[in-house]
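All of the numbers you see were taken from the coordinates with simple rules; none came from a lab. Keep in mind that what you see is a predicted model, and the values were worked out from it rather than measured. Here Cβ is always computed from backbone atoms with ideal geometry, including for glycine, and neighbour counts include all displayed protein chains.
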């Protein structure tokens, strides 16, 4: 870790007037500073800035500095958001990590985190060892020659499924961007991960009202049952009437370079009967366009199967399995 | 007997002082820097910027090294010492040691050291370099690493297998693993008029004393090692660590105390790991399940010094009775971090292969896997006339099957909702060993006693066992015993390794107690003593004679003495010519595999163990549970991934997966207690390692039972199962 200057603004205006990297929960930034992956000269601790609040009166408005743990246990939060949060990291990390920071967390790619290795995301143009190296955790969707790293967030997957927007502020003013558009595919500029401008701050996350998202869930498949990133995850919501799907929201994580909305699966589900067979058929288009590496080909069938599992769990009367 | 461990309050309240908890006036901090190549020569190192960095006191490199000699011990062979030459043989090898006034200064300065390498291609794949395989040297027990036993008239193992009505076989593999103890390897060293004192977690203070004395070329009496608490060892702290060597040498050179600790990432490369293994097993059996032939050929990875062999084929020498047996063991030297003992070395990966193969044989025979194992139980090691001293494995299986509900198992598992449920079992064995050990017992005038040995309790419970066995030998309540471990000043013995400590220290305590009580009685009846000229006896802390009695404390006070002490020693002896010795166990587990996504969850576990006498039931259960969790970890989580260039793809605790609480169900542990006094006077055999043995196979066998998918490697992950799941 390199030496840095630390300031602690107490208002949004002061934070935006200052210079330097914003520090919220610190669970990504400090981690990467210890590894010398991030070497900010100036860090602004914004924890005293009043960006709090969970408002469920019309949809959901979340202050960017709300802690993951507080949002997860709030009764007015859509189930897929709560479940995505509860399956993220560990309780200790959720107590610290902010919602805004969660959306900006960096990839867990082993090469990104090791400064002795090339990485196009960390050092543009330096190369990507992941394509031929340890590729099991990497993405199969939204990849490019330059980068195959997965986006690690769970809750961003649920938020993308729910058409969430992020409110952004900088010294020049504020704007609102759909979260789906906020994230950038790596293309040949993987170091540009999102739409955030220099000095810009996420102030709020806004989820439009969607009453039938009360019928939603988040399924996370991973190598251990807690404190591990997804091999594949699925956020699904279903509007079911008379044993038919009227509308659906489906997004997946752990398989793509950005949180990945599956509108084709949603379309295939509309009008379909609530049956395992129909879910399988709809999930058949989930992995369209996937380009697996040699080590992560399993993510293609896993992606389809995870979507089916999530749809089945959402429509079963009783959760199955004693330790499910 | 069950007793809460004596050191628990200190540990859970944070008052136990581990090695690196020690801080000394004027202390400097050292930071180790490691290589970023796996094979080559260091051509040059530019340390100017590091030397000029704030607070830096010294920068040591192979060009400007701290002098360290290579220590050698009969058991561990050579112990590698850092910075002595410019050849790099693995990624993450220590190449510099930066010492500064603060830890941060040392760490930041080490990032300024520029290393120029002449890099050579690295060989890191075991499977890809089998042509480099060498025959392994004989094992620690002197047994040749390869051997063949054939029934009369049988020409070869191939013939024996060819004539077997039922034959199964496969190639099994297990990955490199790291002990991943919570306490990273670390040390605080300082020198004064008495010589060197080092505070460092290890598996035996007297072992570290010998290593450091040899490395630094000083008399062992001038080296004082302090190790009262250890944050986990598991074989990974048997050899003296890089920080201990460097802190000791730098402290001598600089005349100030030096603290050094490895980072978590460095623990994976700058200590030593369990080797990767490949194993080929073929089993031949009669149709009734009687084994006719067993062949077990093993390869393990090794560092370029071939410092360790993971003897997996040895498992097949002891587990089953077979008229024809051929085992071989080879090592493949690679450009990988050093390899060493890790909990159940040989037995853990060896049992994964053999016990998986036995399950495959049971399937081929359409026979219950327990029945197959009981039918072929061994009476002793293959090729040895010495039978097991005491073996109740059949009871373990009978009790286990009953408690686990084994009779409800079907050959194709069962389904509960979206979960495919299966049960698996496997045999666990670990040799009963003990090492020469000396213990000192001191009786004190306040009617308490000290029991001291230079070994270590890295969470095993040895400290509490010493109190219990000391109390038994002295006929006192355990609360009157103060057990003492972890100083090289104490007598040598009680190293934590090979599941030996209870048997080794317990036997020495019996000898020392006998000696000190004899001395006590002799003093009691000496001229002018309270029992002068009388026949005296000792019981319940009292000396009795002539119808009177005194506590030993009263007697000592009457004699004007504060204490009396005696040394007792014990070592393996004549029993080794009469029997073979092993602990046994039956492992059971139930798994659930999700029919859509293939994730495996262990839902129940049971181990029933025949380990001789259990001295402290509570700590023993914890030991066995811990071992069984290691087995789940091996089966489903753990594995170091070494890339082609030697870099570790997952060398930290984020990437090197260990199970969390959510992965582990309630664990049931039971004992069949038959004290094995043929092995040692206490009757206890080791329990530190047997819990891990067989459990990975039990999980794999349960996965097969649930899904019909046979996975012959660990860890078993989702991609191994997806294709075989119902759609």
Expressed in angstrom and rounded, the centroid-to-centroid distance over alpha carbons for segment A:36-76 and segment B:456-502 is 52 Å
Could you work out the helix-only [θ] at 222 nm for the protein assembly as shown, with each DSSP H run of four or more residues adding -39,500 (n - 2.57) and the total divided by the number of residues, to the nearest 500 deg cm²/dmol? -7000 deg cm²/dmol
Whole-number Å³ per residue for the convex hull built on Cα positions in segment A:213-315: 95 Å³
Suppose the chain between residue B:519 and residue B:673 were pulled fully straight at 0.36 nm per residue; how much longer would it get relative to their current alpha carbon spacing? 52.1 nm
Label point at residue A:58 placed 7 Å out along Cα→Cβ; residues across segment A:132-165 whose backbone nitrogen lies under 17 Å: A:164-165
Cα convex hull of segment B:94-180: how many Å³ per residue? 231 Å³
Kirkwood hydrodynamic radius, the protein assembly as shown, all distinct C-alpha pairs: what's the number in Å? 31.4 Å
Per residue of A:51-60, what is the mean number of Cβ atoms on other protein chains within 10 angstrom of that residue's Cβ? 0
Show me B:27-37, A:233-243 ranked by packing, highest mean number of other Cβ atoms within 10 Å first. B:27-37, A:233-243
If each of residue A:145 and residue B:264 carries a label point 7 Å out from its Cα toward its Cβ, how far apart are those two points in nm? 3.7 nm
Computed FRET efficiency, Cβ-Cβ of residue A:11 and residue B:662, R0 51 Å: what is it to the nearest 0.05? 0.80
What distance in nm lies between label points placed 7 Å from Cα along the C-beta direction at residue B:414 and residue A:126? 5.5 nm
Which FRET efficiency value, to the nearest 0.05, do you get for residue A:281 and residue B:489 by plugging their Cβ-Cβ distance into 1/(1 + (r/R0)^6) with R0 = 51 Å? 0.10
I want to make sure I understand the PRE zone here: with the label point 7 angstrom from the Cα of residue B:551 toward its beta carbon, which residues in segment B:448-474 have backbone N atoms less than 12 Å away? B:448-449
Cα centroids of segment B:315-379 and segment B:422-450: how far apart, whole angstrom? 27 Å
For peptide B:647-655, how many partner chain Cβ atoms fall within 10 Å of a residue's Cβ, on average? 5
In degrees, nearest 10, range 0 to 90: what is the angle between the Cα axis of helix A:299-315 and the longest Cα principal axis of chain A? 70 degrees
If I take R0 = 41 Å and measure r between the Cβ atoms of residue A:115 and residue B:567 in this structure, what FRET efficiency does the formula 1/(1 + (r/R0)^6) give, to the nearest 0.05? 0.15
Ranked output for segments A:300-311, B:669-680, B:319-330 by mean other Cβ atoms within 10 Å, highest leading, reads A:300-311, B:319-330, B:669-680
Gap in Å between the Cα centre of segment B:231-283 and the Cα centre of segment B:71-140? 11 Å
Relative to the compact-globule scaling 2.2 N^0.38 Å, provide the ratio for the alpha-carbon radius of gyration of segment A:50-207. 1.09
Peptides ranked, highest mean first, by Cβ atoms within 10 Å: ranges A:51-61, A:137-147: A:137-147, A:51-61
Residues of segment B:189-226 with the amide nitrogen closer than 13 Å to a label point 7 Å from the Cα of residue B:16, along Cα-to-Cβ, please. B:201-202
Could you check the simple spin-label distance between residue A:163 and residue B:84, using points 7 Å along Cα→Cβ, in nm with one decimal? 7.1 nm
Give me the extension gain from residue B:374 to residue B:653: residue separation times 0.36 nm, minus the current Cα-Cα distance, reported in nm with one decimal. 96.4 nm
Quote to one decimal, in nm, the extra length available between residue B:286 and residue B:158 on full extension: 0.36 nm per residue of separation minus the C-alpha distance between them. 44.5 nm
Rg (one decimal) and Dmax (whole number) from the Cα set of chain B, in Å, equal 27.1, 91
Over the whole of A:222-233, what's the average partner chain Cβ count within 10 Å per residue? Rounded to a whole number, please. 5
